[in-house]
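For reference, the structure discussed in these notes is given below.
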Amino acid sequence: MKTLIIAEKPDMGRNIAAAIDPKAKNHRTYIEGEQYIITWAIGHLIGLAEPDAYDDRYKKWNFNDLPIIPDRFKLIPNPKTKDQLKVIAELAKRSERLVNACDAGREGQHIFSLIQRHLKLTQPVKRLWISDLTPETIRKGFAELREGADYDNLTKAAKARSEADWLIGMNGSRAFTTKHNELLSVGRVQTPVLAILYDRQKEIEAFSSNKFYDVEARFTQAGGPDFPESEYKGMWQGDRITDPAKAEALVTKLKGKPGRIASYEVKDTKEYPFKLYDLTLLQREANAKYGFSAKKTLDIAQALYEKHKVISYPRTNSNYVNEQNIPEMHRALDQLRGTAYSELVEQAEKRFVHKNNKAVCNPAKVEDHHAILPTHKKANGLSSDEQQVYDLVVRRFLSHFFPAAEYKVHTVLTEVEQETFKSTIKQLLSLGWKVVYADQKKEKEKPKRGKAADKAEDEEQAAEEEISTPFSLNPAQGVLCSDIAAKEKETQPPKAYTEGTLLKAMEGAGKQVEDEELRDAMKDSGLGTPATRASVIERLKHVGYIVMQGKRIVITQKGRTAVELIRGAGVDLLTSPEMTGHWERRLNEIARGLASDEQFMANVKKFTNLIIDKVRVQSRAAKQAFEGAAAQPAGAAKRSRKRSEAASAEAAEGTAAAPAKRTRAKRSGGDAEAAPAAAAGTRQRRSPALAASTPPEAPAAPVAAAAAPGGASAAYAAVRAGIAACPRPGCAGRIIMGKRGYGCTEYKAGCGFVIWKDSYGAELTESAVRFLIEKGSTARMTLTDENGQQVEGRLVLKDKNTGQLSLEPVSR
C-alpha cells in the first residue's frame, strides 16, 4: 500500500508532487506515483456544526434557549467541497500511512486534524514541516519527516481555539441580537478589536485643539583659523507658550543679539537595519506605503509563496532566522544577481549575516517559522502589486548585508539674553544599509500620540537638522542670533486607525508598543494570529461595524452601540484586548504543552454562562440607537474649537464626547492635564433611549447612543454615570476616571475637583475613590508620608472644592 500525502491546497499538492515524484500521474483531484498519492484539501473541508445540528429548536434564535454548550462538538463537511472530502476518504482506504502536508502552523494542523477526525482515519501519521515551497526545501522536508504525535499539543490548541470561538461567537451573538432586536455579531477577537477602534474614536471626539507657539532661532558663528563659519538652528527651551504676545516679545528681545555656547557635545552613533519581516510588520508597511489592506497584502504574500515560490512561508510571527537559514540567505543573495537588484547585490557583504548576529539569527525567537525571506528562485511574471510587496521583502533582506549607517551627533545648548535654545545636528558619515533605500522617498518617522508627545515631537523635529557636510563649532567663541521666529502650531488629536496601525495595536493586545523587545514579548498574547488578523478586520467591515474613509478606519453607529451595549451589560471582558491577549497566550502555552486545553475550555464555558446571565437582565436598547452615519474622521476633531453654532446646539440637545471605559489611555498617550476633558466632553441630559439601555446592576457602565431628535443625523451620545457625584458644593457633575486622576465632568464650567491616582504612595482604584468621596476617607491602607516613611493610615478628603487629600495615621 502507498503513502497518502494531504496538502492544504491544490498548488501545494502539485508542488510537492513535482519535487518528490515528477513522473506521478495527475488525476485532477489527486496525483499518484509508485510510492505516493498526493491529494489536498481546499482550505477548510470541515467545520463545527451550527447549533441546529444539536436540536431543531436552535433554528430559531431564542434567548431562553441560551447558553448552547455542546457536550461534544459535531463536525460537518463544507457542502461546496464535499466531493474533495470523498476523494480523500477513498484514497485513504488504499493507503497504509499518512503525511500531513498542510501549512506548518496552528490552522494547517487544524485542517488536517478535522479531516482525520471526521473520516476516522487511523493510519500512522508523519508531519511535513517546511517554510518555503522550493523543490530543494520540499525534498529536504520529506527526508526529515517528523512524527505526527509530536504535534498533538498543537492540535489541542487548534481545537480549543476553534471551539472557544464557537461558544463565544454563537452565544454572544444570539444573546445580544435577541435581547436588542438587532443583528449584533460578537466574537472573542473581533469584539476587543472593535473596542480599540471605539475608544480611539472617543478620544478623537473628546479632543479640543489648542494653539501654541514654538520659537525657533538661527545662529551663526564666524569662522577662524581652525573653524569654518557655521550656521545652525535651535529651539527655545521653556514651558509651552500659548500667548502670542509673549512669543513675539521673545522674538523681539533676542533677534540680532549675541549669544554663547553653554554646552557642546559630539557623539558618534550607529543605526542598524530594521528587523526582517514577519507577516504583521509586512502588512503594516504595505498599508503605510501602498495603502494595501491587511487582507490584500496577505493574499499577495500567499501568491508570492504558493504560486511564484519567490518568498518563504508568509504567515509567520518571527523576525529572525535559525542558524541553518544563514547559508540559505547567502544563496538567496547570489540568486538576486542579474536582477533589478544587481547593483545592490554587488555592494552587499555576506560577512554581516552570520549566526552570531542576533539582529538576524536568534533561534530562541523562532518557533514554527522564520522571518519572511526571498527564496532561491528568481521572480518573473509578477503583477504590479506583487512586485511592490516582493520589493519590500527583498530590500529588507538586502539591508542586513550592509554595515550600520554612521552619524556624528552634535548637541548644542545656546544661551542668548539668559534664554536657552537646544540644537541637534545629525551629521551623516556613512549611509551603510540605507543605500538600499536611497532611490526611494525618505519615509517619515511615525509620530507619537497625545499633546505631550506632540510637543516633544515638534521640538525634536524643529531642533534637529540632518546634514551630510562637515560641521563643527568652537565652544569658546560667541554666536549671533541672526534670525528668530515664532511659529503658530496646534495640538493634534490622536490619529484614527489605519489597517496598518490597527494591526500593530492587535499585535500588542491594544497597547501601543514602541519598544521592539517588548513587542517581541507581546507576540504570544496579541489579538488573533498573523494568519487571522486580516480576516478579523474584514469581518468588522462585513457586519457593518466599520467603514473605510481613505486609509482611515471609521466606526459606524452600529459598531459604537455594540461596544456600549456589551460594556453596559457588565461583560467588559468581551471588549478587553488584554484579556483576549491572555487567552491567546494560553493557547500558545497549550501548543507547547505548558497548559491544559481542558481547563482552558472549562473557563471559556464559565465565561459563556456569565455572558448570558448578564445580558438576561439588561434592558433593551432603543431601535434608533443603531441608526446613523459613521463617526467623523480625525480631522474633524482637530477643528473642534471652530465648530459651528449648529453643532453647539446639537450638543445642547444631547451630544457628548464622553468615552466609555478608558482602557486605552495608556496606549494612546493622551494629554494628562486634560484627563477630565478626555473623559467627559460636554455634559448633557440623558435621552430616553439611553436610559432604556442602561442595566440596573451596572450604573457606572457606558450605555447605548441615541439618535438626534427631529430626524436629524444621529447624535452620538455616550454618557457614563461616573464613579460618584462631585462633592464640590453646588456642582452637579460626576467624577470620572482620567489618565492620571479622577476629575469632574463639569471641568469646563470651572470645577477644579480632582483626586490623583497616585496619592501618598497608593494607587487609588475607582472603588477606593468612590468610597473616599462617599465616606470622607478610605479604608486602612499602607501609605507613604511626607518624609518618605511607610505608615498605616487612611486618606481623608480634606477639601471638597479641590479634592485635596490628607494622610490620617492609624495605630496598629
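Computed from the coordinates by the stated procedures, all read-outs in this text should not be read as laboratory data. This is a predicted model, so every value here is computed, not measured. No Cβ is skipped: glycine too gets one built from the backbone with ideal geometry, and neighbour counts run over all protein chains shown.
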Ala724 long-range amide H proximity, modeled H, under 5 Å: Ile735
Average projected area of the Cα convex hull of the range 247-290, in nm²? 7.7
Equivalent ellipsoid dimensions for the range 2-144 as semi-axes, Å, which come from the Cα gyration tensor, largest first: 34, 15, 13
In debye, nearest 20, what is the charge dipole magnitude of the range 279-399 about its Cα centre with +1 on Lys and Arg Cβ and -1 on Asp and Glu Cβ, if you could check? 100
Once Lys and Arg are counted +1 and Asp and Glu -1 for all other residues with Cβ under 11 Å from that of Pro67, the total becomes +2
Looking at the range 10-112, which trypsin sites (Lys or Arg not before Pro) are DSSP coil and have at most 16 other C-beta atoms within 10 Å of their C-beta? Lys23, Arg28, Lys60, Arg72, Lys74, Arg94
Determine Rg/Rh for the range 170-253; Rg is computed over alpha-carbon atoms and Rh is the Kirkwood hydrodynamic estimate from the same atoms. 1.47
At each listed q (0.21, 0.23 Å⁻¹), what is the log10 of I(q)/I(0) that the Debye formula gives for the range 724-809 modelled as equal alpha-carbon point scatterers? -0.93, -1.08
Distance histogram in 5 Å bins (all Cα pairs of the range 218-336, percent per bin): 2, 7, 10, 12, 10, 7, 5, 6, 8, 10, 10, 8, 4, 1
In the neighbourhood of Thr556 defined by beta carbon distances under 11 Å, the net charge of the other residues (Lys, Arg +1; Asp, Glu -1) is +2
Bin width 10 Å, origin at 0, all Cα-Cα pairs of the range 279-399: what percent of pairs per bin? 13, 46, 35, 5
Cα-Cα over 29 Å, subset of Lys253/Lys489; Lys80/Lys307; Lys202/Lys246; Lys74/Lys126: Lys202/Lys246
In a shell of Cβ-Cβ distance under 12 Å around Ala49, excluding Ala49 itself, what net charge do Lys and Arg (+1) and Asp and Glu (-1) give? -2
Asn356 to Ala18: extension gain in nm, 0.36 nm per residue of separation minus the Cα-Cα distance? 118.1 nm
So what is the relative contact order of the range 279-399, in percent, for Cα pairs below 8 Å that sit 6 or more residues apart? 35
How big is the convex hull of the Cα atoms of the range 29-110, per residue, in Å³? 137
